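Beneath this line is the structure, given in structure tokens, with notes to follow.
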Amino acid sequence: MTYKHFETQAVRIAESASNQREHSAPIYLSSSFTFESAEEARQMFSEEIQGNIYSRYANPNTSDLIAKVCAAEGTETGVTTASGMAAMFGSMAALLSQGDHVLASRSLFGSTHQLLTRVFPKWGISHTYGDISEINNWERLITPKTRMIFIETPSNPGLEIIDLEFIAKLANAHNLILVVDNCFATPYLQQPAKWGAHIVTHSATKFIDGQGRVLGGLILGEKKYIDDVQFFMRHTGPSLSPFNAWVLAKSMETLAVRMDRHCENALKIAEYFQDSVDLEFVKYPFLASHPQYHLAKKQMKHGGGIITLTIKGGLERAKRFIDELQMITVTANLGDSRSIITHPASTTHSKLSEEERERVGILNGLVRLSVGLEHVDDIVMDIERALERSR
Ligand SMILES: *Cc1c(COP(=O)(O)O)cnc(C)c1O
């Protein structure tokens, strides 16, 4: 059965039913599954028939999660992974070979940046970073060895937006695989595959879980690519645990209502503080002052749950501000029901050089606010008080 609407699909699509007629999906804590006969075992291993073999390959809970997220993203099939980084790594490692080149956005999650600059060069896979502000020149960065374009939109933490339609056309014109890390938007706000992305990756740890409980990742896309990814993941082993898959599949059922509230709160907070005398700049994709506001409106349903605040007074004041917060949590995660503040320059993006950070707008006074599901007035009050006390 298929359903027309995102919300219904997220709630009703389920692949994990047992024969116990349970209403809520059970957790299949089983490392392996049994065969009726030696012949059935042979058929499953040779993929003549489909079925559960071993939880490193597939498990009813991971299949459930894949079905729900594929319906949401409009992708054909997918693979679950132990963390978001396993998904970023797997999407590249499975589809690239020695000598290949990746054209990547300079604005990437810190660890994805580390993969490209410090891990893949060991195997002869090179990269070039393109600046989002010069995206019209990216075609010139493509070499005969380029195989893949890897981007994040909105980016973490700079909230830069890449035109998915434009970049998919560029990728197709040059026969390149376009991979989009859709972690910040979630499939509820943006579906990169609908604009032409070949692979969509997720850190499910963030908004998909939404309550800071588990790690998880997903690699989704056309079967012709996912078959190779699945082979790579099955035999290298960064599998998602059935328990985490169960948590994440349950979370998918509430993604739409949670994202509506995250985004509603975020827009109100961004509007409230946009003219604050304590701030250099408030960045939020659905604020008219965002440099790519129209593009954000074109490809996103709402502006997302993340805002950046650049505090006047640089690093020292940003630290004082963080220390003065009474409710908002200081932690490195995001996409939680609890509002979170992070100072990227000294934490998640500290491995980048100061120059690299400046090029992607991660200034020392910038803090990343992941807007939670508390009442918006309480979040505003906490920020306002901390700004005053940090003066
Ligand atoms: C957190 C994050 C990741 C990594 O995900 P983990 O689940 O922490 O491994 C990748 N990309 C983006 C944009 C992220 O925010």
(message) When the residues of segment 24-46 are narrowed to those that are outside any loop (DSSP other than H, G, I, E, B) and of a type in the set (Asp, Glu), which ends up farthest from the chain's Cα centre (by Cα)?
(response) 39
(message) I'd like the full set of residues that are outside the structural domain of residue 12 (by TED's automatic domain parsing) and over 19 Å from the mean Cα position of the chain (by Cα), limited to segment 219-266.
(response) 264, 265
(message) For a quick check of your reading of the model, give me the residue pairs whose first member lies in segment 13-29 and is in the same structural domain as residue 52 (by TED's automatic domain parsing) and within 14 Å of residue 245 (Cβ to Cβ), whose second is at pLDDT below 85 and assigned to a loop (DSSP other than H, G, I, E, B), with beta-carbon atoms closer than 6 Å and at least 6 apart or on different chains.
(response) 25/16; 26/18
(message) Please count how many residues of segment 266-324 are part of a helix (DSSP H, G or I), of a type in the set (Asp, Glu) and modelled with pLDDT of 95 or more.
(response) 3
(request) Scan segment 127-156 for residues that are surrounded by fewer than 18 Cβ atoms within 10 Å (Cβ to Cβ) and closer than 23 Å to residue 219 by Cα and jot them down. (result) 128
(request) Give just the number: which of (1) over 20 Å from residue 210 (Cβ atoms); (2) surrounded by 15 or more Cβ atoms within 10 Å (Cβ to Cβ) does residue 384 not satisfy? (result) (2)
(message) Would you confirm, using the coordinates I've provided, whether residue 160 is over 27 Å from residue 234 (Cβ atoms) and more than 16 Å from the ligand (Cβ to nearest atom)?
(response) no
(request) Report, ordered by the first and then the second residue, all pairs with beta carbons closer than 9 Å, sequence separation of six or more or different chains, a first member in segment 138-162 that is farther than 16 Å from residue 102 by Cβ and acidic (Asp, Glu), and a second member that is assigned to a helix (DSSP H, G or I) and within 12 Å of the ligand (Cβ to nearest atom). (result) none
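The values are calculated or read from the model by the stated rules, or taken from the named source; none is laboratory data. Here the structure is a predicted model, which means the values were calculated and not measured. Cβ sites come from the backbone with ideal geometry, for glycine too, and all protein chains shown count toward neighbours.
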